[in-house]
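Visitor: One structure follows; several queries about it will come next.
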Amino acid sequence: MAELRQVHGSDNTFFLLDQTTLGAPLPQTTLIQLAQRLCDRTTGLNGGADGLLVVDAAAQAVGKMTVINADGTLAKMCGNGIRTVTRYLSEKTGQSRFIIQTDQAPLEVHVDRVLAPGVKTYGAEISPVSFAAAALPFAALDHEQIIDTVLPQIHPTFKFTAVAVPNPHLIAFVPEAALTGPELEAIGKRLNAPNPYFPEGVNVTFATIEGPDTLFARTYERGVGFTNACGTGMSATSIAFVLAHPEMAALDRLITVYNPGGMVQTIVHRVDARYWVELIGNATTIALIAIPDQALAAGDFAGAQVALTGEAEQYEAFGRTLPYRDLVPTI
């Protein structure tokens, strides 16, 4: 029997599959089809998810993480997902600080102090970071870098920052009313359809400044659409916060980022010219799922045995204590 885990970070939900436990690893084409079937919000397993996290063996790390979005596209990185993989590998190996290999870089991860009773918490390095047009990529916007800049091609008044972490992100600090207004979805859909500005698409985040070192962020995620939270989005938004609003945030200082699914904490670091972000937040196991190997490979979930852990309710109790919870409804 294969074991899947249904997990979430800030209510950004995933299925987690450790291929080292299978008789043979599944080929990428099968994994992509599996992700699409598992994650479908109507027909998928146990309500679906935002993506599939695949764990494989790695030569110089505890494991390698590959991220497949709900639509079958591959993501360079996933900040909420890597925390759940960190928890899984920490519990599997007994290690509290180690390296996870991603498609872009080896990243240091660790067990962190708990945010609340029953809410297991982990920290992960988010890097590499780049502002270069080629890294996102973007074009036809008349800039080599975009930091707190009006882009009339995108919106007449909002100021944007573009940063790859390494997922590409476009961030604007907006009034609270814009969080649920039409602009975010319109911009997200436009820039993730064929367009001359972000030819490979881009994650779009609107954020409001709620006070010193405090944000609320909402993301339209490439390959997914609206999510309850986007870990790399909140990391990128924290960098933009430090750069665009130094009177409210600073390097090496804890930032709290609320989102429709809860909250995370971030610390933006700079060493010489290199930025990186420490992303701290929950890693919740919703369910343990046993399924025959052949059925898993075929995407047949009829015989899956789903055992709920109760952790989702513990996280929900924590969420009810948070401010700004009602700014945007959860998905």
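The values are calculated or read from the model by the stated rules, or taken from the named source; none is laboratory data. Treat the numbers as computed from the prediction; the structure is a model and nothing was measured. Cβ placement follows ideal geometry from the backbone for every residue including glycine, while neighbour counts extend to all protein chains displayed.
Visitor: Filter the stretch 128-179 down to the residues that are acidic (Asp, Glu) and under 24 Å from Val224 (Cα atoms) and list them by number.
Guide: Once the filter is applied, which keeps residues that are acidic (Asp, Glu) and under 24 Å from Val224 (Cα atoms), the stretch 128-179 yields only Glu176.
Visitor: Another question, if that's okay. Name the single residue that is farthest from the chain's Cα centre (by Cα) among those in the stretch 125-163 being over 30 Å from Ile100 (Cβ atoms) and acidic (Asp, Glu).
Guide: Of all residues in the stretch 125-163, those over 30 Å from Ile100 (Cβ atoms) come to 139-144, 148-160.
Among the residues that remain, those that are also acidic (Asp, Glu) are: 142, 144, 148.
Values: Asp142: 29, Glu144: 26, Asp148: 23 Å.
Taking the candidates together, the pick is Asp142.
Visitor: Restricting to strands (runs of 3 or more DSSP E) lying wholly in the stretch 219-331: which have 1 or more residues that are in contact with a Gly (Cβ under 6 Å, 6 or more places away or on another chain) and more than 25 Å from Leu191 (Cα to Cα)?
Guide: So the answer is 262-271, 274-282.
Visitor: Only residues in the stretch 239-252 that are outside the structural domain of Ile267 (by TED's automatic domain parsing) count as the first member; pair them with residues that are surrounded by 14 or more Cβ atoms within 10 Å (Cβ to Cβ) and modelled with pLDDT under 95, Cβ under 8 angstrom, at least 6 apart or cross-chain, and list the lot.
Guide: Taking only residues 6 or more apart or on different chains, not a single pair turns up.
Visitor: Return the residue satisfying two criteria in turn: it lies in the stretch 309-321 and is surrounded by 14 or more Cβ atoms within 10 Å (Cβ to Cβ) and of a type in the set (A, V, I, L, M, F, W, C), and of such residues it is nearest to Val264 (Cα to Cα).
Guide: Phe318
Visitor: With Val129, Val109, Val85 as the choices, which residue is touching a residue at least 12 places away in the same chain (Cβ under 8 Å), crowded, with 16+ Cβ neighbours inside 10 Å and touching a Phe, Trp or Tyr at 6+ places or on another chain (Cβ under 6 Å)?
Guide: Val129
Visitor: Looking at Thr256, Thr285, Thr227, Thr232, can you tell me which residue is surrounded by 14 or more Cβ atoms within 10 Å (Cβ to Cβ), among the hydroxyl-bearing types (Ser, Thr, Tyr), closer than 30 Å to Thr21 by Cα and over 14 Å from the mean Cα position of the chain (by Cα)?
Guide: Details: Thr256 fails: closer than 30 Å to Thr21 by Cα; Thr227 fails: over 14 Å from the mean Cα position of the chain (by Cα); Thr232 fails: over 14 Å from the mean Cα position of the chain (by Cα).
Going through Thr256, Thr285, Thr227, Thr232 in turn, the sole match is Thr285.
Visitor: Condition check: hydroxyl-bearing (Ser, Thr, Tyr), more than 14 Å from Val224 (Cβ to Cβ) and either surrounded by 18 or more Cβ atoms within 10 Å (Cβ to Cβ) or touching a helix residue (DSSP H, G or I) at 6+ places or on another chain (Cβ under 7 Å) (or both). Does Thr30 satisfy that?
Guide: The answer is yes for Thr30.
Visitor: Please pick out the residue among Glu210, Glu144, Glu185 that is surrounded by fewer than 18 Cβ atoms within 10 Å (Cβ to Cβ) and either part of a loop (DSSP other than H, G, I, E, B) or touching a His at 6+ places or on another chain (Cβ under 6 Å) (or both).
Guide: Glu144
Visitor: Let me ask something additional. Return only the number of the condition from (1) surrounded by 15 or more Cβ atoms within 10 Å (Cβ to Cβ); (2) without any contact (Cβ under 8 Å) to a residue 24 or more places away in the chain; (3) on the phi > 0 side of the Ramachandran plot that Gly94 does not satisfy.
Guide: Condition not satisfied by Gly94: (1).
Visitor: Any residue at all in the stretch 85-95 that's in contact with a Leu (Cβ under 7 Å, 6 or more places away or on another chain), assigned by TED's automatic domain parsing to the domain that holds Pro292 and either in a strand (DSSP E or B) or of a type in the set (A, V, I, L, M, F, W, C) (or both)?
Guide: Of all residues in the stretch 85-95, those in contact with a Leu (Cβ under 7 Å, 6 or more places away or on another chain) come to 85, 88.
Adding the requirement that they be assigned by TED's automatic domain parsing to the domain that holds Pro292 leaves 85, 88.
Still in the running and either in a strand (DSSP E or B) or of a type in the set (A, V, I, L, M, F, W, C) (or both): 85.
Yes, there is a match, as at least one residue in the stretch 85-95 is in contact with a Leu (Cβ under 7 Å, 6 or more places away or on another chain), assigned by TED's automatic domain parsing to the domain that holds Pro292 and either in a strand (DSSP E or B) or of a type in the set (A, V, I, L, M, F, W, C) (or both).
Visitor: Here's something else I'd like to know. Residues to consider are Leu4, Leu26; find the one that is of a type outside the set (Asp, Glu), part of a strand (DSSP E or B) and farther than 26 Å from His169 by Cβ.
Guide: Leu4
Visitor: Just give me the residues in the stretch 33-53 being among the small types (Gly, Ala, Ser), surrounded by 22 or more Cβ atoms within 10 Å (Cβ to Cβ) and not in a helix (DSSP H, G or I), in sequence order.
Guide: Ala49, Gly51
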